[in-house]
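Here is the structure we will look at.
The values are calculated or read from the model by the stated rules, or taken from the named source; none is laboratory data. For clarity, every value in this text was computed on a predicted model and none was experimentally measured. Methodologically, a virtual Cβ is constructed for each residue, glycine included, from the backbone with ideal geometry; neighbour enumeration extends over all protein chains shown. Note: accessible area is taken over every heavy atom of the protein model, side chains too, but ligands, DNA and RNA are not part of it. Shrake-Rupley method; radii C 1.70, N 1.55, O 1.52, S 1.80 Å.
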Amino acid sequence: MDRIWLGSVFLVAYLIGSISTAIIVGRFMAGDDIRSHGSGNAGATNALRTYGKKAAVFVVLGDCLKAVAAILVGMIEAKVIGANAQTMQLAVYIAGVGAVLGHNFPLYFKFRGGKGILVSTVAILFADWKIGLAVIVFSILIMAITRYVSLGSVLGSVALVILGFIFHFGDTPYLIFAVILAVSAIFMHRGNIKRLINGTENKLGSKKNTGD
């Protein structure tokens, strides 16, 4: 029964995460597919460069809200079966991972989505808000100093794992959760990492639209 329940938490979160805000906003505001522009990524940065600030705001809000919804539904499912605090926390981890994978590989949009940073951020805050805030501040500092959104995202993912092992050492479910999100983020940014190494990655504010 536990496996069935945990599977349902993941599945529901995945389906909610598969609602790609960037693709929906692009179709409503411009009548096209954001994945046909710039980096081909269905995320806030590409929306900002392709459609402008208003579209980017909608994408940010939509991605954050769907992550919150996915995790809250998972928590409600846990409460319905009378889960204890530990199981409730496990539901948060599983729902968070499900929402991120849904965002990155959306069922409704041929499995081509975004890179999952905003959704991951919400999941991290639910899992441990202190670590979440630390990762957010660190990532923003990196982005502000270098003007590379991708670098801030990748290094923030590394910081998540390091902080996880420092403050959650021995907490296997949390560490697995943190590693999965970090590996996912780094994998989705593999093209950006190559461009960073080659010195061809776009900086924040660049008029070019081939990066994030």
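Structure above, values below:
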item: Hz values of 3J(HN,Hα) by residue in region 20-33 - Karplus curve (6.51, -1.76, 1.60), Gly and Pro given as x; result: 7, 4, 4, 5, 5, 4, x, 6, 6, 8, 10, x, 9, 9
item: Acute angle (nearest 10 degrees) that the helix 149-167 long axis makes with the longest principal axis of the chain, alpha-carbon atoms; result: 20 degrees
item: Convex hull volume of region 130-185 per residue (C-alpha atoms, cubic angstrom); result: 57 Å³
item: Carbon and sulfur %, accessible surface of the chain computed with the full protein complex present, 1.4 Å; result: 71 percent
item: Region 168-180 - phi-based ³J(HN,Hα) in whole Hz, Karplus 6.51/-1.76/1.60, Gly and Pro as x; result: 10, 4, x, 8, 4, x, 5, 5, 5, 4, 5, 5, 4
item: Residue among 122, 73, 57 with the largest mean-square fluctuation in a Gaussian network model of the chain, springs linking Cα atoms under 10 Å; result: 57
item: Euclidean distance of C-alpha centroids, region 1-25 and region 27-99, integer Å; result: 10 Å
item: Per-selection Rg to Rh, region 1-84 - Cα, Kirkwood hydrodynamic radius; result: 1.15
item: Trypsin sites (Lys or Arg not before Pro) restricted to region 63-130 and DSSP loop, no more than 14 other C-beta within 10 Å; result: 110
item: Rounded to 10°, Cα long-axis angle of helix 85-104 versus longest principal axis of the chain; result: 30 degrees
item: Accessible solvent surface per residue of the chain, calculated while the other protein chains remain in place, 1.4 angstrom probe, Å²; result: 50 Å²
item: Distant-in-sequence amide H partners of residue 30 (H built 1.01 Å from N, under 5 Å); result: none
item: Residue-wise HN-Hα coupling along region 106-117, computed from phi with Karplus coefficients 6.51, -1.76, 1.60 (Hz; x: Gly, Pro); result: x, 4, 7, 10, 6, 6, 10, x, x, 10, x, 5
item: Amide H contacts under 5 Å for residue 148, placed H, 5+ residues apart; result: 204
item: Cut-off under 5 Å, modelled amide H: who pairs with residue 39 long-range; result: 211
item: Choice from 164, 43, 156 with maximal GNM fluctuation in the chain (Cα, 10 Å cutoff); result: 164
item: Spatial separation of Cα centroids for region 111-164 and region 186-203, in angstrom; result: 16 Å
item: Among 174, 93, 108: highest mean-square fluctuation, GNM of the chain, C-alpha pairs under 10 Å; result: 108
